[in-house]
Amino acid sequence: MMSAFDPPRAVVRRVVEDALAEDLGILGDITSIACVDETQHAEAVFVARADGVVAGTALATETFRQLDEELAVEWLVHDGDSVGAGTHLGRVTGSLRTILTGERTALNFMCHCSGIATTTRRYVVAARGNVRVLDTRKTLPGLRAVQRAAVRAGGGFNHRDSLSDAVLIKDNHVAATGIAKSIDRARSAWPGRMIEVECDSIEQVVEARDAAADRVLARKRR
């Protein structure tokens, strides 16, 4: 069953397919094929090495499913749960050769997603409920939905998903057209869309406010 912290199912399938194709190469896991008997079965346990927030279980499950649908994956925690070092997160049971083939791909997904969720949770806790922590579009190509799901697992919220979702007037737009004019043109072209303006001075904030921008994004000067 999917949760609010899972990426879309189609994304999960595609991302795992790409990861396994990249990792298996032409011949597959030649080490496990050579060293582990095909009939040998085992149970492997996911164990947290550090305190953190869990994320990425859907991707790990899909990794083993694509390799062998007879593998049984059971989770003892859910995405979004805070865990301590040494916590058993879940287990996978079945062919040892297949488990060894998929373990690194599954762990890479969980480590990456859990790292994002854990970092997000730190900011959420630091904010003490006074602000909403939002993500950005600065994601790895092809992994946006995965990384944004991890942000949600950490207690954060998603900003715009793509360039089509909202108007975000950045410094380059301001340099080309100006704040007030950019807002006016955006409102005429896309009525009803949220308009956000990136500002790096109080003067720009005032101009954006007077032009009725929906949001102001503070930009730190370098």
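The residues of the stretch 118-142 that are more than 25 Å from ARG215 (Cα to Cα) and at pLDDT 95 or above amount to a single one, THR118.
For GLU203, state whether it is closer than 30 Å to GLY90 by Cα, more than 15 Å from the chain's Cα centre (by Cα) and among the acidic types (Asp, Glu). So GLU203 fails the test. If you go through the stretch 116-160 and keep only what is touching a helix residue (DSSP H, G or I) at 6+ places or on another chain (Cβ under 8 Å) and in contact (Cβ under 8 Å) with a residue 40 or more places away in the chain, you end up with ILE116, ALA117, THR120, GLY142, LEU143, ALA145, VAL146, ALA149, ALA150, ALA153, GLY154, GLY155.
Regarding ALA19, is this residue more than 23 Å from GLY156 (Cβ to Cβ) and crowded, with 19+ Cβ neighbours inside 10 Å? Answer is yes for this residue. In this structure, does SER82 turn out to be under 26 Å from GLY154 (Cα atoms), surrounded by 13 or more Cβ atoms within 10 Å (Cβ to Cβ) and of a type in the set (Gly, Ala, Ser)? Spelling it out, SER82 is indeed under 26 Å from GLY154 (Cα atoms), surrounded by 13 or more Cβ atoms within 10 Å (Cβ to Cβ) and of a type in the set (Gly, Ala, Ser).
Just to be sure before I move on: is ASP165 acidic (Asp, Glu) and surrounded by 16 or more Cβ atoms within 10 Å (Cβ to Cβ) in the structure I sent? Answer is no for this residue.
Taken over the stretch 57-82, the criterion of being of a type in the set (D, E, K, R) and in contact with a Ser or Thr (Cβ under 7 Å, 6 or more places away or on another chain) is satisfied by ASP68, ASP79.
Screening SER114 against (1) in the same structural domain as GLY52 (by TED's automatic domain parsing); (2) part of a loop (DSSP other than H, G, I, E, B) leaves a single unmet condition, (2). Here is the figure for the stretch 52-83: residues that are free of Cβ contacts under 8 Å to residues at least 60 places away in the same chain and either of a type in the set (Asp, Glu) or in contact with a Cys (Cβ under 7 Å, 6 or more places away or on another chain) (or both) total 6. Residues that are part of a helix (DSSP H, G or I) and touching a strand residue (DSSP E or B) at 6+ places or on another chain (Cβ under 7 Å) within the stretch 166-189 comprise ASP171, ILE179, SER182, ILE183, ALA186, ARG187, listed in sequence order. Restricting attention to the stretch 117-140, the residues being in a helix (DSSP H, G or I) and either of a type in the set (Val, Ile, Thr) or over 19 Å from the mean Cα position of the chain (by Cα) (or both) number 7.
The values are calculated or read from the model by the stated rules, or taken from the named source; none is laboratory data. The model shown is predicted, which means the values in this text are computed figures rather than measured ones. Because the Cβ atoms are built from the backbone with ideal geometry, glycine has one as well, and the counts that use them run over all protein chains shown.
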